[in-house]
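First up is the structure itself, then whatever we jot down about it.
The values are calculated or read from the model by the stated rules, or taken from the named source; none is laboratory data. Note that the structure is a prediction, hence the values are computed from the model and not measured. Ideal geometry is used to build each Cβ from the backbone, glycine not excepted, and the neighbour counts take in all protein chains shown. To get the accessible areas, we keep the full protein, side chains included, count just its heavy atoms, and leave off ligands, DNA and RNA. Shrake-Rupley method; radii C 1.70, N 1.55, O 1.52, S 1.80 Å.
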Amino acid sequence: HFKLTWLPQGNHPPMNDLLQGNPYSSKCPTRYVLDHIADKWAALIMALLAQQPMRFNALLRQIDGLSQKVLSQTLKRLERDGLVNRKAFATVPVTVEYSMTPLGATLAESLTVVINWAQDNLQVVLDAQQRYDKDRQVAEE
C-alpha cells in the first residue's frame, strides 16, 4: 500500500491523478517533494548523513549557521518523507541518531553532485553576479 507521506496532511486527489502529475503545474504534488529537497539545509544535512549516521548536536556543529529549531524541523520533515531514519537510544539523557534510508541514499547521491558543482563553480558564479550588477548599474546611469 502506497502512503502519501510527502503531501501535507489532509485530503488528497485520487492516486491516479497524483502519479500522472506535471511538476510544471501549480497543483502538482511533485512540488511538495521539490520544496523539501531543494532546501539548502536539507541538502547539507542529507550530504552529511550520506557519509555516516550522526547525532543531532553533531549535525548542528557541522553546519555553520543552522539553528536548533531549523535542524529539528528539517529532520522531522525528512523523516516524514522517508529520507531519514531517527533512532533513539535508552540513555540518560536520551541519545538520538539520524541516518539515511535507502530512498534517502539515492537522493543524497544527486545532492552531493549539486553541492560539489556549487563548490567547483563558486568563483564563476560570483564573477557573473559582479558582471550583472556592473552592467545594471551602468544601464541605470
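Okay, here's what the table says:
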read-out	value
Elements of type helices (runs of 4 or more DSSP H) contained in the range 16-65, each with 2 or more residues being more than 20 Å from Trp117 (Cβ to Cβ)	30-37, 56-62
Looking only at the range 47-87, and only at residues there that are in contact (Cβ under 8 Å) with a residue 60 or more places away in the chain and in contact with a helix residue (DSSP H, G or I) (Cβ under 8 Å, 6 or more places away or on another chain), the one that is surrounded by the fewest Cβ atoms within 10 Å (Cβ to Cβ)	Gly82
Of the criteria (1) in a helix (DSSP H, G or I); (2) modelled with pLDDT of 95 or more; (3) surrounded by 10 or more Cβ atoms within 10 Å (Cβ to Cβ), which one Val114 fails	(2)
The range 90-102 - residue that is open to solvent by 70 Å² or more (accessible area, probe 1.4 Å) and either within 15 Å of Leu44 (Cβ to Cβ) or modelled with pLDDT under 95 (or both) and, of those, farthest from the chain's Cα centre (by Cα)	Val92
Flag if Asp17 is at pLDDT below 90, of a type outside the set (S, T, N, Q) and open to solvent by 90 Å² or more (accessible area, probe 1.4 Å)	yes
Candidates Thr101, Thr91 - the one that is in contact with a Gly (Cβ under 7 Å, 6 or more places away or on another chain) and either more than 17 Å from His36 (Cβ to Cβ) or of a type in the set (Ser, Thr, Tyr) (or both)	Thr101
Selection count, the range 88-111, where residues are out of contact with any Phe, Trp or Tyr (no Cβ under 8 Å at 6 or more places or on another chain) and either part of a strand (DSSP E or B) or among the acidic types (Asp, Glu) (or both)	5
